[in-house]
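Q: First, the structure itself, so that you have it in front of you.
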Amino acid sequence: MTGPAAVGRGEVEGLLRELAPQVLTALVRRYGQFHLCEDASQEALLAAATQWPAEGIPGNPRGWLITVASRRLMDQVRSEQSRRAREELAAVASPPSGRFGPPADAEPADRDDSLALLFGCCHPDLSSPSQIALTLRAVGGLSTAQIAAAFGVPEATMAQRISRAKQTISGTGFDFSLPSGAERTERLRAVLHVLYLVFNEGYAASEGDALTVPALSEEAIRLTRWLHRLLPDDGEVAGLLALMLLTDARRPARTLPDGSLVPLAEQDRQKWDQAKIAEGTALISAVLPRGEVGPYQLQAAIAAVHDEATTMADTDWTQILGLYDLLELAAPNPFTALNRAVAVAMVRGPQAGLEVIAALEADKRMARHHRLIAARAHLRELAGDTGTAAADYLDAARRATSLPERRYLALQASRLAG
Amino acid sequence: MKYLLLIYGNQEKWASIPAAEWPEAIARQDAFNRKYQATGELIGAYGLADEVQARLVRREDGQPVVTDGPYLETKEYIASFYLLDCESEERALQIAADMPFADVDPVEIWPILHEAKPDL
């Protein structure tokens, strides 16, 4: 055997995920029909995932994938029986000129095509779960089974979600023209929101076998890093990447081996990932002075202030409060206001924080949200009012939407009651 | 977020529905199921057998003991359940409100906090 040596499955997986959006955009460029191209591209990725670890990575992996995907696309179109499909066949089957794909040393991806693909997957006509699923598959190169496992739903359910999303994208007449001006800003905001949701989903979830149940927070960081390479001058893209890194840095200290939550104040800061903190801090420090400060940059800046403090007591709460004031102006949101209330309490005392929370209770939905009640419990405890704090912790535990949170809050209630 | 929708009933209630209306009722429920399976939000829809077919299982000295039961105190018991995975509580409430049965009786909705991870 003269071919390249067998390679690790993880290495192949990594390469395939990098190439996934490039293969899909090349196919859609050539043949149109987003729906069919996405299926074909996914099949090519699966073929490579089984063949390459044994046979080695081909000299031009991107060209290999595009060739295989194109063949699959042809097979698929030929096997379609409907009249409509035959009409489409006429357009698709016209032979492409030359070899598939540029040589291996060519510029790997057309930046604008990759962006257009990402914008398409986060199309405003799709619900957020559909945007997330489609982005992970079409841009992230994850299989339907992997995405289903990551979200804990049956593969059939996820397949339906993705299929419906692809039909919607095909229906909007997917093309590679990029929006401009205000529309571009809005579409990019939708993309960042999807990436942030993926990150949060992963941050909340438990660890799994990385190859079968992908770590969504790592995937979100990978995709945001990729987007940052495409748009290095965009402050909010850099801000989101920094926010993810600075938040993910605390992951090792955030839970105990039994899965229970450790609040920021009690985390072993020695366990924080200093490399991620350094990278995130460098990113946010470089981008903040540019002036166009948005909500992700501000949240990253807040995370950076927390991360640089060696103890909870060392935390520069005055700076954090100032950043929350700016964040409230930039992106008013009841949860931002709630976090700000805690910062107010740290700077001006628990009573001042409780007054801010009291104002938030005017919103009925907020008044019964477990986060508000838990924050109120914390501040009441700081104020020495343990009786009402215990009652609040218990109430918050009842309303919590995740098991570790519920356990943590119930534990606080029993600690104060006991 | 996952949600459980529950519909309650009993034999008396089912018997009160005229036979001629069943095909229509089933068709409406099937349409509901198809609609939300297609959106990828309905993970599963399950109808339960009658109360008299339910059993209680316990272990005594390491041996399983099966008895009839549960001899419910409540008049109505779970007739069917639906497992949803959707974006928000608002969306889950919207889907519950679209349940054909919601015309007759309230549909119970419970957020699901945790589950055993699927084994791939």
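Q: If neighbour count is taken as other Cβ atoms inside 10 Å, put B:Y3, A:Y393, B:Y8 in order from fewest to most.
A: Going from least to most buried by this count: B:Y8, B:Y3, A:Y393.
Q: OK, next. What number do you get for the protein assembly as shown when its Cα radius of gyration is normalised by 2.2 N^0.38 Å, N = residues?
A: Relative to the rule-of-thumb radius for its length, the protein assembly as shown sits at 1.11.
Q: Grab the DSSP H runs of chain A that are 4 residues or longer, score each as -39,500 (n - 2.57), total them, divide by all residues and round the 222 nm result to the nearest 500 deg cm²/dmol. Please list the in-between numbers first.
A: Numbers: 21 runs with 288 residues, N = 418.
Roughly -22000 deg cm²/dmol at 222 nm, from the helical runs in chain A.
Q: How would B:I112, A:I373, A:I132, B:I78 line up from fewest to most surrounding beta-carbon atoms within 10 angstrom?
A: So the ranking, lowest neighbour count to highest, is B:I112, B:I78, A:I373, A:I132.
Q: Just to confirm my numbers, what's the Cα centroid distance between the stretch A:370-406 and the stretch A:128-180 in Å?
A: Cα centroid to Cα centroid, the span is 38 Å.
Q: If the chain between B:A38 and B:L6 were fully stretched, how many nm would it gain, using 0.36 nm times the residue separation less the Cα-Cα distance?
A: The B:A38-B:L6 span can extend by a further 9.5 nm.
Q: Dipole magnitude of the protein assembly as shown about its Cα centre, charges +1 at Lys/Arg Cβ and -1 at Asp/Glu Cβ only, in debye to the nearest 20?
A: Dipole size: approximately 640 debye.
Q: Further question on the same structure: Round to a whole angstrom and tell me the spacing of the C-alpha centers of the stretch B:21-96 and the stretch A:229-286.
A: Cα centres, the stretch B:21-96 to the stretch A:229-286: 42 Å.
Q: Using alpha carbons only, what's the Rg to Rh ratio of the stretch A:243-285 with Rh from Kirkwood?
A: 1.02
Q: For the pairs B:K2/B:K75; A:K364/B:K75; A:K166/B:K2; A:K166/B:K35, note any where the Cα-Cα span goes beyond 26 Å.
A: Checking Cα-Cα distances, B:K2/B:K75; A:K364/B:K75 exceed 26 Å.
Q: Using a cut-off of under 12 Å, list every residue of the stretch A:333-354 whose amide N is near the label point 7 Å from the Cα of A:E361 along the Cα-to-beta-carbon line.
A: Inside the label zone: A:354.
Rule-based calculations on the coordinates, nothing more; no lab input. Only a predicted model underlies this, so the values are computations on that prediction, with no experimental measurement involved. For neighbour counting, all protein chains shown are included, and Cβ atoms are generated from backbone atoms with ideal geometry for every residue, glycine included.
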